[in-house]
Amino acid sequence: VQTNLGYRVQFNSAIGPYKGGLRFHKAVNPSMLKFLGFEQTFKNALTTLPMGGAKGGSDFDPTGKSNAEIMRFCQAFMLELWHNIGVDTDVPAGDVGVGGREIGFLNGMYQKLARKYHTGVLTGKGETWGGSILRPEATGFGALYFVQHMLHLAGKKLEGAKIAISGFGNVAWGASKKATELGAKVIAISGPDGVVTIPNGMNEEMIDYMLELRASNRNIVAPFAEKFAGTTFTPGKKAWSVKCDIALPCAFQNELNGEDAQHLIDNNVTCVGEISNMGCTPEAIDLFIDNKIMYAPGKAVNAGGVATSGLEMSQNAMHLSWSAAEVDEKLHAIMHGIHAQCVKYGTEPDGYINYVKGANIAGFMKVAHAMMGQGII
Ligand code: GLU
């Protein structure tokens, strides 16, 4: 018998039902889920969709577990969670360690327990059972649309840019896919075990292989270099040790610290998109801002994932599904809108755009107005 603890933090419902991912990782604790729920509240507000903020998860470690063990854990977790969620109350989704496979097991168990077959109680579902087309790609795709806007405003281009990415999960995969499609070169990906450098940039086969790495439940990136000739694995090093134009943290909180930021700055990085939630430490963020580097915080640049969850909720409520082109167009518009809000609230007198300030003020104002408008309850 193995015991794990599970949590759901319902942070704010002023704008809509509680909404946010579930994280399965050995380091999960209530304080981590509270900061993630807090951030989620403002992120969801920035999307303009009617979603409150929440986060949940467990200290269950999926590393080395079989599919059957993962299924049994998801079912045990849902046995307690199902009382607290619902289409109009709280709609969980995936996060670190929870992807399409886990959402499937969780959704199946919810339906069995609740005897309710509405498709909208979780998002990130498979396409044949209520999921939105492009939801798996959405966090990475949306982030690259946001980065494109940042570069465009600064008179720079994504084509030909060298990008370093951390992680090889769903988010890193989507970001690599869109970056490559838009003509950039992904020259490094990293895992907890080290970094793989890819001098010619990722190709389609390599991007597809990221999915296999994630599904293997081993949480190591070294096999990537064994599979692809011309790539090199360096143990113990982070993606930020590689000289790049754009750095995209896509893995975990605090994965890019002050020392890493200084190294990137010394190597002339031009843009950093924090696609993981709170991937950069406060020291790293201060260094980027002091050095006038284009820096986008997670709540703005990674909002495409939850935004597409919001689009999935709309489709479920209407009992229909939109085409990839329709979803992509809406995702584009949402990321454009978030970028515009950051520019509106974050432009400093000298013209530097402080995206941290912009995203915080825009998100906060919306939540504060919604709370004050509805009185003391
Ligand atoms: N876990 C993702 C996030 O941090 C997605 C949450 C969702 O789709 O509800 O935004």
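The values are calculated or read from the model by the stated rules, or taken from the named source; none is laboratory data. It should be emphasised that the depicted structure is a prediction, and the values quoted were computed from it without experimental measurement. Every residue, glycine among them, receives a Cβ derived from its backbone with ideal geometry; neighbour counts consider all protein chains shown. Accessible surface is based on the protein model in full, side chains and every heavy atom, while ligands, DNA and RNA are left aside. Shrake-Rupley method; radii C 1.70, N 1.55, O 1.52, S 1.80 Å.
Remarks
- Estimated FRET transfer efficiency when R0 is 30 angstrom, pair S31-I265 (beta carbons, to 0.05): 0.50
- 3J(HN,Hα) along the stretch 219-230, derived from phi through the Karplus expression 6.51 cos²θ - 1.76 cosθ + 1.60 where θ = phi - 60°, amounts to 6, 9, 9, 3, x, 4, 6, 5, 7, 10, 5, x Hz, with x in place of Gly and Pro.
- Cβ charges +1 (Lys, Arg) and -1 (Asp, Glu), total dipole of the chain, debye: 640
- Using heavy atoms of the protein chains and a probe of 1.4 Å, the accessible area assigned to I103 is about 0 Å².
- Cleavage-rule hits (chymotrypsin sites (Phe, Trp or Tyr not before Pro)) in the stretch 270-375: DSSP loop, at most 15 neighbouring Cβ within 10 angstrom: Y352
- In sequence order, calculated HN-Hα J values of the stretch 83-93 (Karplus, 6.51, -1.76, 1.60; Hz; x Gly/Pro): 5, 9, 10, x, 3, 9, 10, 7, 10, x, 8
- Considering all different alpha carbon pairs of the chain, the Kirkwood hydrodynamic radius works out to 20.7 Å.
- Full extension of the chain segment joining L5 with E204 gains 67.8 nm, where the gain is 0.36 nm per residue of separation less the Cα-Cα distance.
- Ordered from largest to smallest accessible area (heavy atoms of protein chains, 1.4 Å probe), the residues K43, K238 come out as K238, K43.
- For the chain, the per residue solvent-accessible surface stands at 42 Å², with DNA, RNA and ligands left out and a 1.4 Å probe.
- Solvent-accessible surface ranking, highest first, for F11, F228 at 1.4 angstrom: F11, F228
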